[in-house]
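Let me begin by presenting the structure, written as structure tokens, before commenting on it.
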Amino acid sequence: MTWTWLRGSQQRHGAAVVAGLGLVLALLGGAPAQASIVTAERVNLPPSGTVTIAGHGYGHGIGLSQYGARGAATQGVGYRAILDFYYPGTAHTGQRDSPIRALVSADTDNDVRVVAVPGMTVRDAAGTVRTPQFAGRTVTQWRVVRSGADLHVDGLSAGSWVRWSTLRTTHLDFATPGDTVQLVVPDGTRREYRGLIRAVADGSSPGLRSVNQVSMESYLRSVVPAESPSSWPYDALRAQAVAARTYASFDRRAAGSRAWDTCDTTQCQVYRGYRTLNGSGSVVTVHEAARTDTAIRETAGQIRTYGGAPAFTQFSSSNGGWTKTGSQPYLVARADPWDAVGNPVHSWSVSVSVSQFAAAFPGIGQIRSIEVRTRTANGEWGGRVESVTVTGTQGQQTTTGAGIRSALGLRSDWWKITGSTRLDTDFSTDGRPDLLVQKDDGALDHYEGTGAGTFGRVTQVGEGWQAMRIAVRANDLTGNGRVDVLAVDAAGRMWRYPINGAGRFGPRVAVGPGWGSMTTVVAPGDVDGDGDSDILAVDNMGTMWLYAGNGRGGFGSKVRVGPGWGSMTNVVGGGDWNDDGHSDFLATDAAGTLFLYRGNGKGGFAATPIGQGWSPMRLVSTTEDLDGDGRPDLVAADPGGTLYLYAWSGTSFPRRTAIGPGWTSVERLV
């Protein structure tokens with residue numbers, strides 16, 4: 001299956017030409033694919049409201065990325081090198097021009113009609129050619145209808161259909177001296193095609209389909225501009241021409257005894273013929289373009305082969321930065337260095353309502369949670385979604401990432417639910433929870449989660465953080481699927497530190513001044529159910545305020561939550577701790593009692609005690625599911641400097657597990 005480019009959204013971006021063949025070849029190498037990974041991504045849905053879904057790419061991501069080819073061409077990469085990258089191991093081969101048969105999907109009424117022109121001929125399956133005509137009558141259209149094994153040819157004369165002939169044959173071909181035929185589709189408009197129009201018996205009577213038989217090179221004149229904008233660089237268009245020619249040749253070889261070789265939709269390749277006309281014959285749209293015609297001529301007959309046969313050269317609009325493994329040895333998963341260049345669908349985000357989820361899975365009652373089980377391991381968040389379990393009040397259903405994509409109308413199967421009740425601590429964006437640790441010397445370290453309740457590699461990602469009065473991990477504040485960090489400096493200015501997708505910070509962004517009176521900031525997630533992550537802040541008078549996120553990294557006007565927070569310590573968030581679909585947070589009072597503050601989805605909270613003896617504990621922080629049970633967990637260090645994992649059961653912490661000693665030099669967990 002192919003996927004067309006996102007029409008109307010392409011942008012022109014300049015880029016430096018790649019310097020030297022060596023660098024080109026290095027880029028072509030890519031990074032190797034990995035095995036699938038198990039993730040811990042359960043999102044409890046509220047009864048109503050919306051969530052934000054971030055994603056990468058547009059289409060299935062197998063084979064050539066059309067935007068990637070465009071990006072490569074802008075950097076001076078030739079079309080053969082582009083094809084070598086996306087179809088590694090295939091050979092560049094030539095073939096002669098020969099016909100291809102494309103099913104016309106718009107003609108579905110078992111009535112094949114064409115506009116009559118002088119010199120039009122009809123040829124049956126035996127090769128007999130006839131000239132349809134009536135003496136003394138003017139015919140404006142000819143049609144074919146089917147009855148059993150017979151195909152009837154009628155002429156439209158003076159507003160009435162008149163029978164011209166009945167032929168016992170499997171198909172009839174209409175051709176004209178000008179080598180184009182106008183097909184009349186059910187809505188009364190016309191499609192003009194090069195070559196001939198074939199009326200083909202399909203299934204039981206009166207089943208009849210329209211097929212356009214045309215030379216391969218003429219067929220491509222409509223396909224290439226439909227799949228890649230004709231304004232794109234020539235090497236991108238040349239690569240598209242070869243890929244499209246090869247794809248059609250593969251289809252033709254695989255057609256066997258079928259009456260057509262390929263279809264005309266995104267299920268095969270987009271093909272609209274030469275022109276579209278209105279019912280009176282005026283041209284509405286021409287589906288060919290001069291620049292793509294040039295690219296087709298310059299690559300005439302060129303295809304990619306594997307094992308001596310045409311390759312299955314799948315392509316899609318955008319792979320999001322990684323190609324996806326396909327059904328052939330040359331359709332491999334690898335990092336794409338070009339897909340992001342000037343690509344509006346390389347990354348995207350959408351809001352999805354809870355009612356949309358419910359409509360997509362009607363058989364399991366009210367949906368309670370969406371849990372991503374496995375990903376491909378290639379790229380951000382752990383790659384494309386492979387397996388998902390949707391749980392409702394009356395059962396559950398397991399599907400694929402592509403299944404969710406289809407059900408919700410997403411652009412690809414590489415997605416992540418991000419603006420929600422889920423606590424996200426995946427700093428490295430590899431699909432596993434991590435920990436950010438500020439040392440007493442101001443160094444900020446990234447402890448990379450292993451996915452098994454422990455931490456592996458430690459990398460310093462910042463310094464000078466002792467100058468920050470407050471620092472807190474804030475989930476995803478911009479809808480890009482990446483965790484943000486908020487910090488308040490000594491002057492009371494708040495800064496947002498975005499993650500760059502590779503375990504590092506991008507340039508910090510000023511949120512604004514006026515935060516000097518705040519003593520605590522906590523980020524529970526989406527508190528008000530609008531699909532954007534929010535924060536809570538406690539001022540020096542002990543009053544808590546809600547700052548609703550705007551989805552762009554900023555916040556609206558503060559709303560008072562309530563007083564009495566001056567004596568509370570270890571105020572940490574967030575996530576959904578009681579499985580009701582609302583964001584919660586935790587806090588310890590002066591007596592050492594740990595409370596769960598249960599959100600109501602409207603910005604309010606209710607307290608429930610969940611533990612005693614927490615006064616001596618320091619460095620308390622919530623974290624994404626570390627032990628793989630789908631629930632958030634807590635980490636805390638005792639006075640001796642041992643860090644423990646407190647696994648949450650849904651109602652309590654039945655056990656704790658020592659992660660390791662040596663945490664006395666840690667100032668705070670971010």
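Order the peptides 110-120, 190-200 from the highest to the lowest mean number of other Cβ atoms within 10 Å of their residues. Display every interim value, and only then the final one.
Working: 110-120: 18.5, 190-200: 24.3.
In descending order of packing, they fall as 190-200, 110-120.
So between Val162 and Val509, what do we pick up on full extension, going 0.36 nm a residue minus the alpha carbon distance? If you can, show how the numbers build up before the last one.
Details: separation 347, 0.36 × 347 = 124.92 nm, distance 7.51 nm.
So the extension gain works out to 117.4 nm.
Taking the highest mean first, how do the peptides 473-486, 202-215 order by number of other beta carbon atoms within 10 angstrom per residue? Kindly include the intermediate steps, with their values, before the conclusion.
Numbers: 473-486: 25.8, 202-215: 18.7.
My ranking of the peptides, most packed first, is 473-486, 202-215.
Give me the dipole magnitude in Debye, nearest 20, for segment 192-248 about the Cα centre, with unit charges on the beta carbon: positive for Lys and Arg, negative for Asp and Glu.
Working: 6 positive and 5 negative charges, 22 e Å.
Once rounded to the nearest 20, the dipole reads 100 debye.
For the chain, what relative contact order do you get, as a whole percent, if you take Cα pairs closer than 8 Å and at least 6 residues apart?
Numbers: 1823 pairs, mean separation 99.7, N = 670.
It rounds to 15 percent for the chain.
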Using only the Cα atoms of the chain, build the gyration tensor, take square roots of its eigenvalues as a ≥ b ≥ c, and label the shape rounded, prolate or oblate: rounded if a/c is under 1.5, else prolate if a/b is larger than b/c, else oblate.
-> prolate
Segment 195-239: relative contact order as a whole-number percent, Cα under 8 Å and 6+ apart | 27
In this structure, the FRET efficiency calculated for Ala35 and Ser282 from their beta-carbon separation, with R0 = 56 Å, to the nearest 0.05, is 0.45
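In Å², what does the accessible area per residue of segment 127-265 work out to with a 1.4 Å probe? Kindly include the intermediate steps, with their values, before the conclusion.
Numbers: 5210 Å² over 139 residues.
Heavy-atom SASA per residue in segment 127-265 reads 37 Å².
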Label-zone membership for segment 465-483, site Ala491, 7 angstrom Cα→C-beta point, backbone N under 20 Å | 465-472
What is the distance, in nm, between label points placed 7 Å from the Cα along the Cα-to-Cβ direction at Thr138 and at Ser230?
-> 3.4
Size of the dipole of segment 52-156 about the Cα centre, Lys and Arg at +1 and Asp and Glu at -1 on the beta carbon, nothing else charged, in debye to 20?
-> 220
Sorted by mean Cβ packing within 10 Å, highest first, what order do the peptides 223-234, 326-337 take?
-> 223-234, 326-337
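Taking R0 as 56 Å, what's the FRET efficiency between Thr128 and Ala359 from their Cβ-Cβ distance, rounded to 0.05? All intermediate terms of the calculation are to be shown ahead of the outcome.
Numbers: r = 54 Å, r/R0 = 0.97.
That pair, Thr128 with Ala359, gives E of 0.55.
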Contour minus Cα-Cα distance for Asp440 and Arg656 (0.36 nm per residue) | 75.2 nm
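Any idea what the relative contact order of segment 613-670 is, in percent, if you count C-alpha pairs under 8 Å spaced at least 6 apart? Don't skip to the end; give the middle numbers.
Values: 106 pairs, mean separation 16.4, N = 58.
Relative contact order, segment 613-670: 28 percent.
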How high is the FRET efficiency from Asn540 to Ala502, r the C-beta distance, R0 30 Å, rounded to 0.05?
-> 0.20
Of the residues Leu208, Ile100, Ala239, the Cα lying farthest along the dipole of segment 84-240 towards its positive end, which is defined by charges on the beta carbon of Lys, Arg, Asp and Glu, belongs to Leu208
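Would you be so kind as to identify all helices of the chain, as entire DSSP H runs, whose Cα atoms reach 27 Å or more along the helix's own axis and whose mean Kyte-Doolittle hydropathy is at least -1.0?
On the way: long enough: 234-254 (30 Å, -0.44).
Going by DSSP H runs, the hits are 234-254.
The values are calculated or read from the model by the stated rules, or taken from the named source; none is laboratory data. Just so you know, these numbers come straight off a predicted model, no measurement behind them. Neighbour counts are summed over all protein chains in view; Cβ atoms, including those assigned to glycine, are modelled from backbone coordinates with ideal geometry. Calculation scope for accessible area: heavy atoms of the full protein, side chains included, ligands and nucleic acids excluded. Shrake-Rupley method; radii C 1.70, N 1.55, O 1.52, S 1.80 Å.
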